[in-house]
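What follows is a set of notes on a single structure, which appears directly below.
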Amino acid sequence: MTGARPARERLQRTLLGALGVGALIFGALLATGDSGWITQVDQLRAPFGVLTVLIGIVVPTAYVVLARVLPIRPLLALAGTTSMAFLGVQLLWPMMMHEPFLANDGTPWIQGVTAVHATAAAISWPRIVGWAYPLAQGPIVAFTQIRVRDDAALEATLDGLGAIIFCLIVCGISIAVISAGDRQDAAAAHAREQAALEASRRTREAEQSRINAIVHDDVMSVLLAASRPSPPAQLAEQARHAIASVESLASGRTETRDYDPEEFIAVVRSTAAVIDSAVPVRYSVEGEQPMPAGVVAAFAEATAEALRNALGHGGDASAPRVECDVDDGSARVVIADSGTGFAASRISPRRLGIRVSILERMRAVTGGDADVTSTPGAGTTVTLSWSRA
């Protein structure tokens, strides 16, 4: 069997394996003597004598191996059926004897393994059966013993009470262990449910970040550029790109194909050229592994925002530049400028450009990250990175 097993199943298998060891020990202790199974098999009609040993000892002993290899449902079905068959053996015992009483005032050897089968019943049957089975052992043990021994009513009654107490103890322990497994399974299921809800929440947040970024980057930048006295020449192209982004978002259509490293470099260079054709782009390619479309899109959008910030807020001497490196395991894009810079502590949280359009956009993709460093008067450096999982 493969895969992680529930805690309940693991504990049931452990209990049945331990029960098999116990059956083996009891079988050895009850083998000889006037009340031993070797002596009493011949006092019972064939094949009932052999059947008592098979059901009472052999099958439970096999749990040592079966608990490891048998699927849980057949395993529990075998244990449950055997425990009920044991009740039948107990009740039929007096009728299957050759003589009215056992030789040498012996007691039925099967009374020595009642706790084994009571435990099997508690493991394999519903909880109510696990409690009822030990209670049934009292009258059954007393009835059987009275029928097969002469003048043994008091001793039989005491043995019946002892069987009830002993079986209740072992059954109670087994039920408590299995209940602990149920609680552990319930806790694990709750944890998985919470993890799924958290993953769903993160997915919604990532999508919201993408929406915010598109609104800020594409729509707002077009509106701001159009409001200037002298709109840039590439305004029409930016407007078409903004409309396409909004349409793609509304329709749910996204690019899903992977990009070769050279194509990734081409996307970065094209992004820089759309913002300002004078921005120099240095690049290095080492490797051939393709990159997911979502990662490439995040790089392109964050790069565009970083360049817009550099050109719009860095001053006339900002001179932004782009460096791009990609290999089989990672990719990195650095956008640096020599502009006025800024103090991060003085940036309002309402300014979405850096937080949403750069940092959250890159961190929304698996393996993505971003870092922005800036010093007033010394320019700004934006580092976008991605590592393959």
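Here is a yes/no grid of residues against (1) touching a Lys or Arg at 6+ places or on another chain (Cβ under 6 Å); (2) in contact (Cβ under 8 Å) with a residue 60 or more places away in the chain; (3) surrounded by 16 or more Cβ atoms within 10 Å (Cβ to Cβ); (4) among the hydroxyl-bearing types (Ser, Thr, Tyr):
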| site | (1), (2), (3), (4) |
| --- | --- |
| Arg8 | no, yes, yes, no |
| Gly20 | no, no, yes, no |
| Ala23 | no, yes, yes, no |
| Ala28 | no, no, no, no |
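Consider region 1-45 and keep the residues that are of a type in the set (Gly, Ala, Ser) and farther than 22 Å from Thr81 by Cα. The one that is farthest from the chain's Cα centre (by Cα) is Gly33. For region 298-311, the criterion of being of a type in the set (D, E, K, R), at pLDDT 90 or above and either surrounded by 15 or more Cβ atoms within 10 Å (Cβ to Cβ) or part of a helix (DSSP H, G or I) (or both) is satisfied by no residue at all. Residue pairs whose Cβ atoms lie under 7 Å apart, separated by 6 or more positions or on different chains, with the first residue in region 32-50 and aliphatic (A, V, I, L, M) and the second in a loop (DSSP other than H, G, I, E, B), are Ile38/Ala31; Ile38/Thr32.
Of all residues in region 140-178, those satisfying the criterion of being among the hydroxyl-bearing types (Ser, Thr, Tyr) and either free of Cβ contacts under 8 Å to residues at least 12 places away in the same chain or closer than 18 Å to Ile110 by Cα (or both) are Thr144, Thr157.
Being over 22 Å from Arg13 (Cα atoms) and in a helix (DSSP H, G or I) is true for just one of Pro94, Pro100, Pro134. Which residue is that?
On the way: Pro100 fails: in a helix (DSSP H, G or I); Pro134 fails: over 22 Å from Arg13 (Cα atoms).
Unique residue meeting the criteria: Pro94.
Considering region 84-102 alone, what residues qualify as being surrounded by 14 or more Cβ atoms within 10 Å (Cβ to Cβ) and either farther than 18 Å from Leu30 by Cβ or not aromatic (Phe, Trp, Tyr) (or both)? Met84, Ala85, Leu87, Val89, Gln90, Leu92, Pro94, Met96, Met97, Phe101, Leu102, listed by residue number.
In region 249-273, the residues that are in the same structural domain as Val326 (by TED's automatic domain parsing) and over 20 Å from Asp327 (Cα atoms) reach residues that are outside any helix (DSSP H, G or I) and at pLDDT 60 or above with C-beta atoms within less than 6 angstrom, at least six apart or across chains, in these pairs: Ala272/Val279; Ala272/Val281; Ala272/Val322.
For the residues Ala180, Ala186, the requirement of being touching a helix residue (DSSP H, G or I) at 6+ places or on another chain (Cβ under 9 Å) and more than 26 Å from Thr39 (Cβ to Cβ) singles out Ala180. The residue that is surrounded by the most Cβ atoms within 10 Å (Cβ to Cβ), among those in region 269-287 that are touching a Leu at 6+ places or on another chain (Cβ under 9 Å) and outside any helix (DSSP H, G or I), is Val279. Could we say that Ser251 is over 28 Å from Pro376 (Cα atoms) and at pLDDT below 90 here? Judged against the criteria, Ser251 is a match. Does any residue of region 107-130 turn out to be surrounded by fewer than 17 Cβ atoms within 10 Å (Cβ to Cβ), assigned by TED's automatic domain parsing to the domain that holds Ala153 and touching a strand residue (DSSP E or B) at 6+ places or on another chain (Cβ under 8 Å)? Taking every residue of region 107-130 in turn, none turns out to be surrounded by fewer than 17 Cβ atoms within 10 Å (Cβ to Cβ), assigned by TED's automatic domain parsing to the domain that holds Ala153 and touching a strand residue (DSSP E or B) at 6+ places or on another chain (Cβ under 8 Å). For region 312-340, filtering for residues that are under 34 Å from the mean Cα position of the chain (by Cα) and outside any strand (DSSP E or B) leaves 2.
Only residues that are surrounded by fewer than 17 Cβ atoms within 10 Å (Cβ to Cβ) and among the hydrophobic types (A, V, I, L, M, F, W, C) were counted in region 63-83, giving 3.
Is one or more of the residues making up region 27-37 among the hydroxyl-bearing types (Ser, Thr, Tyr), modelled with pLDDT of 95 or more and assigned by TED's automatic domain parsing to the domain that holds Asp150?
Within region 27-37, not a single residue is among the hydroxyl-bearing types (Ser, Thr, Tyr), modelled with pLDDT of 95 or more and assigned by TED's automatic domain parsing to the domain that holds Asp150.
Of the residues making up region 144-171, those that are at pLDDT 90 or above and either outside any helix (DSSP H, G or I) or exposed (fewer than 15 other Cβ atoms within 10 Å of the Cβ) (or both) are Leu158, Leu161, Ile165, Ile169.
The values are calculated or read from the model by the stated rules, or taken from the named source; none is laboratory data. Since the model is a prediction, treat every value here as computed from it, not as a measurement. All Cβ positions, even for glycine, are placed from backbone atoms using ideal geometry, and neighbour counts span all protein chains on display.
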